[in-house]
Amino acid sequence: MAEFGYFAAHVDTQLSEGTDATREEAIHTFLALIEKRKTRPNELLNEKIIATDSALSYARLAAMAQKRGAIQEAQQHLKRAESFCPQIGWQDCSAEKITYMVQRLDKQGIFKTGANK
């Protein structure tokens, strides 16, 4: 759990203070850690939380890809985000809903992306 907390803080810092490149790198690192943790779920880091973190991360990657004009890559990231819907358990789960949640969470300060930069 300490490793997960460390990387979550790293992603948070990079998203609020980093460049687009360091933001993407941090998210990819976080996703690699999630993949590693999937084989060892526990009460605090269960399948639903892992799926939600993964979906939100892929939606963030999609937004960054779209920002740099990589439309096809952005669409692939959104499809990957949406693929986690069965595990997330939301009443309404779609790429659009996941993207909305990322925007809402980021605006409220969780993984804030430093939009004013």
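Each reported figure results from applying straightforward, stated rules to the coordinates on display, with no laboratory input. Everything numeric in this text was worked out from a predicted model, so none of it was measured. Positions of Cβ are backbone-derived with ideal geometry, glycine not excepted, and every protein chain shown enters the neighbour counts.
Quick notes
- Histogram of C-alpha separations across the chain, 10 Å bin width, %: 15, 47, 34, 4
- Within straight-line cross-link reach of K107, lysines at Cα separation under 18 Å, skipping those fewer than 8 residues along the same chain: K67, K97, K117
- Under the combined filter of DSSP loop state and at most 10 neighbouring Cβ atoms within 10 Å, the stretch 1-74 retains these GluC sites (Glu not before Pro): E43.
- Listed residue (A95, G69, A32) projecting farthest to the positive dipole end of the stretch 2-107, Cβ model: A95
- Anchor K48: aspartates and glutamates whose Cα lies under 16 Å away (excluding residues fewer than 8 positions away in-chain): E35, E82, D92
- For the stretch 43-109 versus the stretch 14-29, the gap between their alpha-carbon centres in whole angstrom: 16
- Note on the stretch 3-57: semi-axes of the ellipsoid equivalent to its C-alpha gyration tensor, largest first and rounded to whole Å, are 21, 10, 9.
- Helices of the chain meeting both criteria, an alpha-carbon length of 20 angstrom or more along the long axis and an average Kyte-Doolittle score not below 0.0, with helices taken as full DSSP H segments, are 47-67.
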